[in-house]
Each structure stands twice: as structure tokens, then as C-alpha cells.
């Protein structure tokens, strides 16, 4: 370990591996009653099952990696990188309708990273996890060429909602609104060429940089017993529809104008000047992704029951965007009598 | 996706992300009674807790990353890369004395990787996991600059053995033998300059390339109730002693000549020509690592009880290498009346 020349820019290689692990671990304090051994304390984290699972029948597990060169858009803060690494995993937990409870984070960090940068990443991890009652119980640190964050999240569920289960005649729904993160990306890429109010820029970029996983909504939907299939939309609505169609062996008829494009917050910040045609709403809502909403199907009869429907809509923002059709019909937009096949575009690594 | 020009070298970017996930997932078939949703099937894996935990009280979790530029020595095969990514995590599970049961793997893969390379990595993952009754339940695939494998392993335990717990007067023990992986690395680095029989080369390189996690031994040691503290030695004996000393707030007196250097297999392959002085046994056993053995302490009275001692030694190879001393004395080699402070060298990322 060399000597730091200034106090301002201390690098993690000067801190050393043990110093770094200690520094990070103490940010992840946990309830010792349930997590009897936490981050940095031993070879493994130790969780008291009876206390953690609270009677649930199933343990659910997911893992997801974010890395600087692939996943992080220009302008994202270190805090938001950390936040996103947790949120992307929580979104998968939400898509099963499970309760998240524990998280581990494997961090690949370049040697010349400033300590304050790592501190902020760690703060983002901690803030996102604790916002959803999830304990960061352990992790790993490796020297790497770029920042790589691999999270693994554990949750509990009684009735995990599968991707398979949608039936012909079911209604297709989404939580929240779509296209916010895509608008954020448009704003970054087009810069001043896109005439957008400052407040809209701010909100759209935050949607991209700091996605909100629908954990609460996932649990409500699973507990309702009405949902026949569910998936999250992190890679874009079109690809998520394709995955759901494949798993359930069905097709989808989509009413494009029912798809909630852009949040109320963005629309109201835009006021009278919003011209969606300038933005290509289909590109925003179907082919980009980054909004961690849930896509799910419910039995058509359920939604004919106004009481149930209203109760669900009171607890969360949700929109009916289409109907489940036989698999032979594929996935298409329906406008009046016209059917238009949906392109299968979205985020793919390979 | 482009068209493959030859059938021989098919690249994963031609296979596409969905094709790749399908190809990998079907290698990870699991017992559907316990793992109700496995790899590639949904947003999360789903595990029936009651069936998996078999009455154990604690869930243990660990995560560890291996990456090409940092962790993989020259000559390691793709199979062995996959094997190692599981073994490094199983070794942490073993160090708690826990039973591993589920594993997830996040793979960062360069786009131009050949499909057959990925197939072999996946086979290594599957073979190591199944050798230790561990189901690969899920994972993630990302495009990355180099091969990066982040595993997360779940296990169950009733009495997880901590690093804290060693008491002054306890005996210090290790499983198996040390320095085998270090010899393998020496052979690779020095090439023909090191005169070593072919069979020794083979065995030593395998020790480095395909480490054996001491899962069975960890469980026996934990179940014995005799072990006061335990840690694995993947980063070298010296650093593991330092970690254990810090956690237990003790010091260690080490009898260097009691440390089992090189396996019986290597020693017998070497026959009469073995000259340890040529190899610097201290460097091999203390300062390198790569042998996934367990370092543990037991109450001195336990080992005075010959019956117990013999039973444990019958079930595994283990050696007593020192005594726990007060923390003020630090960690030192004891030879006759002479004490020599141990250097703290070993593998560190930063």
C-alpha cells in the first residue's frame, strides 16, 4: 500500500483489501436476531430460518449482474449504480410476488477507484436494500477492469407466481407506467436536440438511473390469488410479452393506446407542450425497457368483478393493456379491425 | 444473429441470448420435488424450504467471484474454470461446517467466445456442484470483456462454526495437505527449469486447476462439537491464520515441521528424488494458497482423548500444526526454543 498524497482522493488500493472489506461491512448492519452472522464477519452469512421466513413455504433466489460498460448510462451516479444493482434483483423477486429478505453483493472494482466512489456505491446498495426490508448479509470484492456488481437476492413466498399460467381470455396488465427510463436515455443521447423542460429531464433521468422495483405491488398481486402469470419488464415490454407468451404457450392481443406511456409526474411537468409523436411512444414503451414494472395476467372474470378490480387499483397503479389469445395468433397490436405483428426488439446481451 | 461460417467454431453471439440460456439451463436439471423452479425457468428459482432444509436451523450464504485475468492460471481448462467457481464457494460453506444445497452462477462472457468453451465451463459447474449434492438453481448471463464467474452458494447448518471461538491452549489443525496448488503454480511459472517428474506435474497442476472443497470434512468437524473455530485456507495459511487470530483475539504458535507439505500422491510420485529445500516449503504451504483445506482449532483436552482423536483422524486426513496462545504473542513459528514472527503474505486483491 502506497502513501496517499492528498487526503481528497484516496484510492482503494491504498486502503488494502482488509481495510476495504471492513469499511464496507460496517455500512451493512443487520438485525442480529435474524441474521446471526452478517457481511464481512465470517466465511458465510448465517440466517435463522424460522425467524426470517415467517412461516412462508418457499425460498426464492435470483442473481443479476450490472457492469459499467454495458449497463450504466452516462451521468448515473455511483449511488445510483449501487441502487440499480439491488433494484434489478428486487424486480425479479417482485415478479414472483415474493418478499425479499437477504442480499449479497459481489463487487469487481478497478484498483484505481477512489474510496469515496466505492462509499457511494455501497450507500446506494444499502439504501435500496433497506427501502425494501432486505438485509445485505454478505459479499465479495475482486480487482477488475471495470465496475461489476453481481447481486443475489433471497426471498420468501407462499404462492410464487410463475410465467406459465396465462390462459386464453385472461386480461393482460402492467403496473405503473412505461417509457420513463427510455425517455431518460433519449434525453441523454439527443442532448439539447430534444426540447424538453428541465423538470421532465430530471424525472426521466432519475427513472433511468434509479429504477423502482415493484416489490409491494408484486406481493399484493400474488396474495390476491387472481394473477395467473407474472414477469418483470426490465428488458422492455415486447421481450417480456414474448417470454410470457412462450412460458404460458399463448399469444397476446395488445391495445397500444391503453399502454400507459410516461408517468403522471412527467406528463404534468410537461404541461401543454407534450407531443408524444415527437418521441415515438411505441419505441419508448415497447422496445427499450429500464422501467422495472410488472407485466401480469388475470382471469377475465376477475376484472369483471368491479369490487376486486377497484380494490387492486386502489392499492397500486395498474392498466389493462390487452387480452390473452391462442398461441397460434402470436403477439400483435390491435387497432380497430387491424392487426399488426409486434416486432421483437429490446435489450439483449448477445 | 449472423450465420455461422463453419460448424466447428460456433460463437455464442450467433446462438443469441435466449438460445444460450436454454442451452445452459438444460444442463442444470434438478430434483423438482425440492427445487420446484430451476435455472432458466422463471424470474427466480423456487425452493421448497421444508424439503431442502431437512430440519436444520440456519441458512448460510456465500458469494465469490473468479475472473480470467486475476484467478485463472495458464493451462487451466474451461471445465476447470467452471469447477473452480463452484469449489471456491463450497469451500466457504465447508468452513462453516454447513451442508451446501443450492448454487447460482452469474456468468460474464465475451461475445466472441466459442459455444463449446461455454459448454465446458457449464459442465465444470455442474460436475462440481453435483459432486457435493448441490443443485444449480439459477444464474445470469452478461456480455463482458473477460470471463467472470460469480457464484452464490446456499447451505444449511445447525451449528455453524465461526472464526471467533479459538481459546488459548486449543490445538490448531489443518485438513489434508498444503502446497500442492503452489507447486502447480511453480511448475507453470518455471517451466522446464524445475526438474519434476511428469506424474508430479500432473497432480500438482490438477490441485491448482481443480481444487477439492472439504465439504464432507467441514460437516464432520462441525457435527463433532469439538471444533472451536474454523476458516478455509484458499488465500494461504498465513493469511487464514491472521484472520482466525483477529476474529478469535488470540495468537498462534506454529510448529512448521508438523505442517503437512505436499500430498501423499505427489510425494510418492516423486519417490526418492524429492528435495523440498529446492522448493521452499514455507512459501508453498504458508504464503500461496489455492489448496482449499480447512484450518480449525479444537480444545486441547479433546485431542488428549485418544478415542475421539482417532475417530476424527479415521474419517479424514488432519494434522495438528500448533497451539493457540494469547493475542499479545502474535503469530510465530516455534523451533526448539526459537520463535520467529510469521510474515503476513498471501493473495490479496488490493
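Rule-based calculations on the coordinates, nothing more; no lab input. Computed from a predicted structure; not experimentally measured. Glycine also receives a Cβ, built like all others from the backbone with ideal geometry; neighbour counts cover every protein chain displayed.
Identify which of B:192, B:297, B:65 has the largest mean-square fluctuation in a Gaussian network model of chain B, with springs joining Cα atoms closer than 10 Å.
B:192
Could you work out, for region A:5-54, what percent of all Cα-Cα pairs fall into each 10 Å distance bin, beginning at 0 Å and stopping at the bin that holds the largest distance?
In order of increasing distance, the bins hold 23, 37, 21, 14, 4, 0 percent.
What are the distances, in nm and sorted shortest first, from the label point of residue A:192 to the label points of the same position in each other copy, with each label point placed 7 Å from Cα along the Cα-to-Cβ direction?
Counterpart label points of residue A:192 in the remaining copies fall at 6.7 nm.
Distances from residue B:246 to the same residue in each other copy, label points 7 Å out along Cα→Cβ, in nm, shortest first?
Those label-point separations list as 4.6 nm.
In the Gaussian network model of chain B, springs joining C-alpha atoms below 10 Å, which of B:236, B:225, B:299 carries the largest mean-square fluctuation?
B:225
Given a cut-off of under 8 Å on Cα pairs at least six residues apart, what relative contact order in percent is computed for chain A?
On the way: 756 pairs, mean separation 73.1, N = 350.
Relative contact order for chain A comes out at 21 percent.
Would you order A:112, A:56, A:71 from fewest to most other beta-carbon atoms within 10 Å of each residue's own beta-carbon?
So the residues, fewest neighbours to most, are A:112, A:56, A:71.
Over the alpha carbons of region B:173-263, what is the largest minus smallest coordinate on each principal axis, giving the biggest first in Å?
45, 27, 20
Compute the long axis of helix B:115-131 from its Cα atoms, compare it with the longest principal axis of the Cα atoms of chain B, and write down the angle in degrees, 0 to 90, nearest 10.
50
Arrange B:291, A:235, B:257, A:48 by Cβ neighbour counts within 10 Å, fewest through most, would you?
B:257, A:48, A:235, B:291
Where a ≥ b ≥ c are the square roots of the eigenvalues of the C-alpha gyration tensor, would you call region B:75-127 rounded, which needs a/c under 1.5, or, failing that, prolate if a/b is larger than b/c, or oblate?
Details: a/c = 2.74, a/b = 2.27, b/c = 1.20.
In terms of gyration-tensor shape, prolate.
Over the whole of B:151-163, what's the average partner chain Cβ count within 10 Å per residue? Rounded to a whole number, please. Write down the numbers at each step before the final one.
On the way: counts 5, 12, 2, 6, 2, 1, 2, 0, 0, 7, 2, 6, 4.
Per-residue shielding by partner chains comes out at 4.
Give the percent of DSSP beta bridges with both residues in the protein assembly as shown that are antiparallel, rounded to the nearest 5.
Counting only bridges with both partners in the protein assembly as shown, antiparallel ones make up about 80 percent.
Once the mean 1/r over all distinct Cα pairs of region A:255-308 is inverted, what Kirkwood radius in angstroms do you read off?
Over region A:255-308, the inverse of the mean reciprocal pair distance is 13.7 Å.
Can you give the direction-averaged projected area of the convex hull of the alpha-carbon atoms in region B:37-150, in nm²?
Average of the hull's projected areas for region B:37-150 equals 7.6 nm².
Rounded to the nearest 5, what is the percent of antiparallel bridges among the DSSP beta bridges in region A:13-157? Mind showing how you got there, number by number?
Working: 21 of 29 bridges.
Of those bridges, close to 70 percent are antiparallel.
Looking only at A:309, A:96, A:81, which one moves most when chain A is put into a Gaussian network model with springs between Cα atoms under 10 Å?
A:309
Largest first, please: the extent of the C-alpha atoms of region B:289-330 along each principal axis, to the nearest Å.
Principal extents (Cα only, largest first): 34, 31, 10 Å.
Alpha carbon centre of region A:18-58 versus region A:85-132: separation in Å?
That distance is 15 Å.
Divide by every residue of chain B the summed helix terms, -39500 (n - 2.57) for each DSSP H run of at least 4, and state the resulting mean residue ellipticity at 222 nm, rounded to the nearest 500 deg cm²/dmol.
-10500 deg cm²/dmol
From the label point of residue B:336, set 7 Å from Cα along Cα→Cβ, how far away are the matching label points in the other copies, in nm, ordered shortest to longest?
Counterpart label points of residue B:336 in the remaining copies fall at 10.4 nm.
Quick one: plug the Kirkwood hydrodynamic radius of region B:257-350 (C-alpha pairs) into Stokes-Einstein at 20 °C, 1.002 mPa s, and report D in µm²/s.
134
How large is the direction-averaged shadow of the alpha-carbon convex hull of region A:200-320, in nm²?
In nm², the orientation-averaged hull projection of region A:200-320 is 8.1.
For region A:20-91, take N as its residue count and report Rg(C-alpha) divided by 2.2 N^0.38 Å. Spell out each step's value before the answer.
Details: Rg = 15.4 Å, N = 72, 2.2 N^0.38 = 11.2 Å.
Here the answer is 1.38, to two decimals.
How would A:266, A:105 line up from fewest to most surrounding beta-carbon atoms within 10 angstrom? Kindly include the intermediate steps, with their values, before the conclusion.
Values: A:266 24, A:105 29.
By the 10 Å Cβ count, ascending: A:266, A:105.
Using only the alpha-carbon atoms, how far is helix B:215-224 inclined from the longest principal axis of chain B? Give it as 0 to 90 degrees, nearest 10.
Approximately 50 degrees, to the nearest ten.
Could you state the number of Å between the C-alpha centres of region A:310-336 and region B:224-254?
That distance is 59 Å.
Take the alpha-carbon positions of region B:100-215, form their convex hull, and give its projected area averaged over all directions (one quarter of the hull surface) in nm².
11.2
Taking a temperature of 37 °C and a viscosity of 0.692 mPa s, what whole-number D in µm²/s does Stokes-Einstein yield for the protein assembly as shown with Rh from Kirkwood over alpha carbon pairs?
My calculation gives 122 µm²/s for D.
If N is the number of residues in chain B, what value comes out of its Cα radius of gyration divided by 2.2 N^0.38 Å?
Values: Rg = 21.5 Å, N = 350, 2.2 N^0.38 = 20.4 Å.
That ratio works out to 1.06.
With angles folded into 0 to 90 degrees, how steeply does helix B:306-315 sit against the dominant principal axis of chain B? Use alpha carbons for both and round to 10.
Roughly 30 degrees, rounded to the nearest 10.
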